[in-house]
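Peer 1: Here you go, one structure.
The values are calculated or read from the model by the stated rules, or taken from the named source; none is laboratory data. Note that the structure is a prediction, hence the values are computed from the model and not measured. Every residue, glycine among them, receives a Cβ derived from its backbone with ideal geometry; neighbour counts consider all protein chains shown.
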Amino acid sequence: MARVPTYDSPQVQQQVTRPVQLQGVAPDTTSIARGLESFERGAQILVDKQRAETNAAVLQGAATALGDYQNNDLFNPESGVYATKGGAAIGIAQTRLEAFDKQAVDIRNSLSSDEQRLKWDAYSAGQRQSYSGNLQKYEFKEIDQYKSDQAKGFLSTASQSAVLNYQNPEQINRSLTQIDAVLSSEGQRNGVAPELLEAQKLKIKSSIYADVLQRQATDDPFVAQKRLKEYQGSMSADDLVRVGGMIENKVDRLQQKAEMAQLRAEAKAERTLGKIDAQISSGVPATPEMWSAWASSVRGTPAQAEFNQRVGQEVETQKVLRLPIDQQVSFINEKTAELQQKGGTVADAANLNRLARAVDSSAKMMNNAPLDYFQQRLGGDVQPLDLGSDDAPAILGDRLAAIQGMQQKFGPTVAMKPLLPQEVKQISAQLEVMSPDDQSSLFARLHAGLGDDEAYAGAMQQIAPDSPIRALTGLIAGKQRSMTLEKNRFSADVEATSGDVAKTMMVGESILNRSKTQKTEDGSPRNFPLPKQADFQLAFSKAMGDVFAGQPQSYELAMQATKAYYTGAAAQRGDISGEVNSRQMKNAIKASVGEVVDFNGSSTLAPWGMAGDKFEQVARDQLVNTMKAQGMSDQDQALASAFSLRQYKDGVYYVMQGQQFKYGADGKPLMINVNEANQ
């Protein structure tokens, strides 16, 4: 703080007067007068000193007020001079000095004497000069910093603009020109040596080019590689090595990626050809969308030419598949013979192989799922089936008509299987949880809806391909006729309808082979006393004789069916003996597979429900009639009584001569159909 000047008055000291001596003469007043004069002079000195000290105190207060103002004006953290930065400090020296002058005048006006004001003017003038110097120095420093900051900001923005516009060479050059001008101006202002200034320009320009190239390399390394050659003269060695290496790596990776992409495209195209081959071989025509997708997969690859060949082959394949089966086979045979005789390329052989597989696949589809073939290959419409609806008979009738139409076009390869695969799964799942009564009811609805024994048999083969007993019970349930199990003299004969027989077999099957659902209901298999397997097999074999000689699979199925009925009947009767009952065994065989009949000394089975004596007469008549119809000689007809019969299926038999098949005039094994004669 500035020191306030003070005024010191001379010190005045009182003189002690001597006592007046009276010695008998008149008093001398001279000394008294001098004393009084001296006293007056001392009093004035005291007054002057007091005034000077007062002035000094007032001026000190004024100086303190001005000093406080200066401190606050300079150092206030919010409004002080030193808190004002950058561009805000421009002109601050003038404005703050004007405020200082006003403050000094206000203080001067508060003084009480000219003497104080005179001394104040001298003091404040010195303070103003010092304060003005501080303000101007600070303002200059901040303006200089402000200029540097503005230049840095401009350089940063220009650099950023160049990098952001890395795809625009004109904008890059424009930004670099601006940067060069600013650097030159700043260099001159700061007195930077020309050599150092050029080095700074190179560093900044190189950095900008490096950033531009990095951005460009992210988009297209090949363009960045080209521009690197243009910029390399304006880049530092370090940036050239760093950015150049990065660009080369990206270019190498892209080249490798392109190479791998081509290899992948070729591999994908090969896989696409494989898919097309599989599609052609399946016989199922591909949709236009599939062909479009395949075309996209092979485009631009060597496989495109092969793809075009596949398109032509697909057209030929579908044309062949629309022919009857025998003509399809003939076409394949002709092409095969032509290839073997005249030769051909590997592609020709592969095409023929695919066509052959397509024909085979179509034949299998016609046999296993004719309705799927009707929909997928022929574009037919198959309505969904609900056996419980009133529309079921009409829907099934439409299906039979469709299959019969296919049989006329494609021949016997088309199987009479009237259910869709998803319906087969649904019905099979329902049967798993149904009681025997409900199963019998379902079979009855299906048989009634179809109204055709052949179609019903085909449906049963679909529903229970892995459960022959269930299929057999369904076939029996669909016969809708009765049979005599026992003839009694003194009591009524034991009659059984096909529905009763099927229900009894299903009861026995549910005991012998419980479904997963049935086992889950009580947690364990049902424990029902059954005859020992060895005892049952012995009794069955004895009763059947040589009916199934040379037919082990048929024998096994007949035994399973008989055991199912035997077990169901025993459960219904409450027979828990666990012993084989020969009478019940005979009834079980008759109910399950038909009555065992001795025909010309060899055992066979009568059609289900036909009595043995009736069968013998009908079979003899049918044998003779068939031999006549074939134009066989009278000698052969005379030997009819020596021929035996081997069952092919219910009511249809091969004619056997000893252990050999008897051949008809057409060169095929002779067969008779008792069902036709019994109608």
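Peer 1: May I ask you to verify whether Leu623 is surrounded by 18 or more Cβ atoms within 10 Å (Cβ to Cβ), touching a Gly at 6+ places or on another chain (Cβ under 7 Å), more than 27 Å from Gly474 (Cβ to Cβ) and in contact (Cβ under 8 Å) with a residue 40 or more places away in the chain?
Peer 2: Values: surrounded by 18 or more Cβ atoms within 10 Å (Cβ to Cβ): yes; touching a Gly at 6+ places or on another chain (Cβ under 7 Å): no; more than 27 Å from Gly474 (Cβ to Cβ): yes; in contact (Cβ under 8 Å) with a residue 40 or more places away in the chain: yes.
Criteria not met by Leu623.
Peer 1: For region 475-514: of the residues being touching a Leu at 6+ places or on another chain (Cβ under 9 Å) and surrounded by fewer than 16 Cβ atoms within 10 Å (Cβ to Cβ), which is modelled with the lowest pLDDT?
Peer 2: Asp493
Peer 1: Is there a residue being in a helix (DSSP H, G or I), surrounded by 14 or more Cβ atoms within 10 Å (Cβ to Cβ) and acidic (Asp, Glu) anywhere in region 56-74?
Peer 2: yes
Peer 1: Does region 359-405 hold any residues that are closer than 20 Å to Tyr456 by Cβ and of a type in the set (S, T, N, Q), and which are they?
Peer 2: Pass one, region 359-405, residues closer than 20 Å to Tyr456 by Cβ: 366-372, 374, 382-405.
Those that are closer than 20 Å to Tyr456 by Cβ and of a type in the set (S, T, N, Q): Asn367, Asn368, Gln383, Ser389, Gln404.
Peer 1: Just one of (1) within 49 Å of the chain's Cα centre (by Cα); (2) surrounded by 14 or more Cβ atoms within 10 Å (Cβ to Cβ) trips up Glu170, so point out which.
Peer 2: (2)
Peer 1: Right, something else. Among the residues of region 317-335, how many are more than 18 Å from Arg377 (Cα to Cα), of a type outside the set (A, V, I, L, M) and surrounded by 15 or more Cβ atoms within 10 Å (Cβ to Cβ)?
Peer 2: Final tally of qualifying residues: 2.
Peer 1: Further question on the same structure: Taking the conditions exactly as written (of a type in the set (Val, Ile, Thr) and assigned by TED's automatic domain parsing to the domain that holds Ala347), does Ile247 satisfy them or not? Full working, then the answer.
Peer 2: On the way: of a type in the set (Val, Ile, Thr): yes; assigned by TED's automatic domain parsing to the domain that holds Ala347: no.
It is false that Ile247 is of a type in the set (Val, Ile, Thr) and assigned by TED's automatic domain parsing to the domain that holds Ala347.
Peer 1: List pairs: first in region 260-277 and not assigned by TED's automatic domain parsing to the domain that holds Ser292, second assigned to a helix (DSSP H, G or I) and of a type in the set (Val, Ile, Thr), Cβ under 7 Å, 6+ apart or cross-chain?
Peer 2: Listed by first residue and then by second, the contacts come to nothing, as the list is empty.
Peer 1: Which condition from (1) in contact with a Ser or Thr (Cβ under 9 Å, 6 or more places away or on another chain); (2) modelled with pLDDT under 85 is the one that Asp636 breaks?
Peer 2: Unmet condition: (1).
Peer 1: Test Asp238 against the stated conditions and say whether it is at pLDDT 80 or above and either assigned by TED's automatic domain parsing to the domain that holds Pro302 or under 19 Å from Ile208 (Cβ atoms) (or both). Steps first, answer last, please.
Peer 2: Working: at pLDDT 80 or above: yes; either assigned by TED's automatic domain parsing to the domain that holds Pro302 or under 19 Å from Ile208 (Cβ atoms) (or both): yes.
Yes.
Peer 1: Let me ask something additional. Out of region 352-368, which residues are of a type in the set (S, T, N, Q) and more than 36 Å from the chain's Cα centre (by Cα)? Outline the logic, then answer.
Peer 2: Here is the first cut: in region 352-368, the ones of a type in the set (S, T, N, Q) are 353, 361-362, 367-368.
Scanning region 352-368 gives Asn353, Asn367.
Residue-wise test of (1) charged (D, E, K, R); (2) within 18 Å of Gln136 (Cα to Cα).
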site	(1), (2)
Ile32	no, no
Arg41	yes, no
Val47	no, no
Ala62	no, no
Thr84	no, yes
Ala88	no, yes
Gln116	no, no
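Peer 1: Continuing with the same structure: Looking only at region 183-203, which residues are at pLDDT 85 or above and surrounded by 17 or more Cβ atoms within 10 Å (Cβ to Cβ)?
Peer 2: Leu183
Peer 1: When region 379-403 is examined, which residues are found to be part of a helix (DSSP H, G or I) and among the charged types (D, E, K, R)?
Peer 2: At the first step, the residues of region 379-403 found to be part of a helix (DSSP H, G or I) are 392-403.
Across region 379-403, the qualifying residues are Asp398, Arg399.
Peer 1: Just for region 211-237: of the residues that are over 41 Å from the mean Cα position of the chain (by Cα) and closer than 21 Å to Ser156 by Cα, which one is surrounded by the fewest Cβ atoms within 10 Å (Cβ to Cβ)?
Peer 2: The selected residue is Ser234.
Peer 1: So how many residues does region 646-658 have that are without any contact (Cβ under 8 Å) to a residue 24 or more places away in the chain and more than 18 Å from Glu595 (Cα to Cα)? Lay out the reasoning, then the answer.
Peer 2: At the first step, the residues of region 646-658 found to be without any contact (Cβ under 8 Å) to a residue 24 or more places away in the chain are 648-649, 652, 654, 657-658.
If we keep only those that are more than 18 Å from Glu595 (Cα to Cα) too, we end up with 657-658.
The qualifying residues number 2.
Peer 1: I've got another one for you. Residue check: is Gly343 closer than 30 Å to Gln439 by Cβ, small (Gly, Ala, Ser) and loosely packed, with under 13 Cβ neighbours inside 10 Å?
Peer 2: Details: closer than 30 Å to Gln439 by Cβ: no; small (Gly, Ala, Ser): yes; loosely packed, with under 13 Cβ neighbours inside 10 Å: yes.
Criteria not met by Gly343.
Peer 1: Return yes when Tyr69 is among the hydroxyl-bearing types (Ser, Thr, Tyr) and within 15 Å of Lys137 (Cα to Cα) and no when it is not.
Peer 2: On the way: among the hydroxyl-bearing types (Ser, Thr, Tyr): yes; within 15 Å of Lys137 (Cα to Cα): no.
No.
Peer 1: Evaluate region 199-208: report whether one residue or more is among the β-branched types (Val, Ile, Thr) and either farther than 20 Å from Ala151 by Cβ or in contact with a Phe, Trp or Tyr (Cβ under 6 Å, 6 or more places away or on another chain) (or both).
Peer 2: We begin by selecting, within region 199-208, every residue among the β-branched types (Val, Ile, Thr); these are 204, 208.
Remaining after also requiring either farther than 20 Å from Ala151 by Cβ or in contact with a Phe, Trp or Tyr (Cβ under 6 Å, 6 or more places away or on another chain) (or both): none.
Looking through region 199-208, none of the residues is among the β-branched types (Val, Ile, Thr) and either farther than 20 Å from Ala151 by Cβ or in contact with a Phe, Trp or Tyr (Cβ under 6 Å, 6 or more places away or on another chain) (or both).
Peer 1: For the subset of region 650-679 comprising residues that are part of a helix (DSSP H, G or I) and not charged (D, E, K, R), which member is surrounded by the most Cβ atoms within 10 Å (Cβ to Cβ)?
Peer 2: If we filter region 650-679 for residues that are part of a helix (DSSP H, G or I), which is where we start, we get 674-678.
Among the residues that remain, those that are also not charged (D, E, K, R) are: 674-675, 677-678.
On the way: Val674: 23, Asn675: 16, Ala677: 16, Asn678: 15.
Going through the qualifying residues, I end up with Val674.
Peer 1: Which fully enclosed helices (runs of 4 or more DSSP H) of region 404-521 have 3 or more residues being out of contact with any strand residue (DSSP E or B) (no Cβ under 9 Å at 6 or more places or on another chain) and in contact (Cβ under 8 Å) with a residue 60 or more places away in the chain?
Peer 2: Values: elements: 421-433, 436-450, 453-463, 468-479, 498-512.
In region 404-521, the matching helices (runs of 4 or more DSSP H) lie at 436-450, 468-479, 498-512.
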